[in-house]
Amino acid sequence: MKSHPPSADERARAVAAAIERSDRASKWLGLRVEEVRAGYARVSMAVTANMANGQAFCHGGLIFSLADSSFGLACNSHNQRALAASCSIDFLAPGRIGDRLTAECREQATAGRAGFYEARVTNQDGELIALFRGRSATVKGHWVE
């Protein structure tokens, strides 16, 4: 029986599984990988009281971490190791204790070793919390054989 090579989306899920096994920061934050496809990742996070800043909103750095984790999965999804070269975020509304925030990251373009990605962070009601943009740079190596 002939085996077929994995599809791009199957390979992306295998890469995500390899990354998840060693991503201690995402585990510590309680991030949940909901979906990964080639050039795409959706990751969510429950906002707990320990994530609140001095104004009782979700700390912006943790919202950034959620978006950055979705970016990391999306830009590595092609099984070519990639690192963040630059990132920015615009906060549009606060995340609140008890919210479930979701970051959906999509590949916008690639050029040479660079990849360009955008992530939208929303709450459980679909309210837009933040917009994230990231540029990746590929490096040597692959995640899975």
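The values are calculated or read from the model by the stated rules, or taken from the named source; none is laboratory data. All values reported here derive from a predicted model rather than from experimental measurement. Note that each Cβ is placed from the backbone with ideal geometry, even for glycine, and that neighbours are counted across all protein chains shown. Heavy atoms of the whole protein, side chains included, go into the accessibility calculation; ligands, DNA and RNA do not. Shrake-Rupley method; radii C 1.70, N 1.55, O 1.52, S 1.80 Å.
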Exercise. For residues that are part of a loop (DSSP other than H, G, I, E, B) and hydrophobic (A, V, I, L, M, F, W, C), scanning just region 17-73, find the one that is most open to solvent (accessible area, probe 1.4 Å).
Key: Ala56
Self-check item: Count - residues of region 37-70 that are within 25 Å of Leu92 (Cα to Cα) and within 13 Å of the chain's Cα centre (by Cα)
Solution: 16
Quiz item: Can you list the strands (runs of 3 or more DSSP E) found entirely within region 75-145 that contain at least 3 residues being surrounded by 19 or more Cβ atoms within 10 Å (Cβ to Cβ), in contact (Cβ under 8 Å) with a residue 60 or more places away in the chain and touching a helix residue (DSSP H, G or I) at 6+ places or on another chain (Cβ under 7 Å)?
Solution: 100-111, 128-138
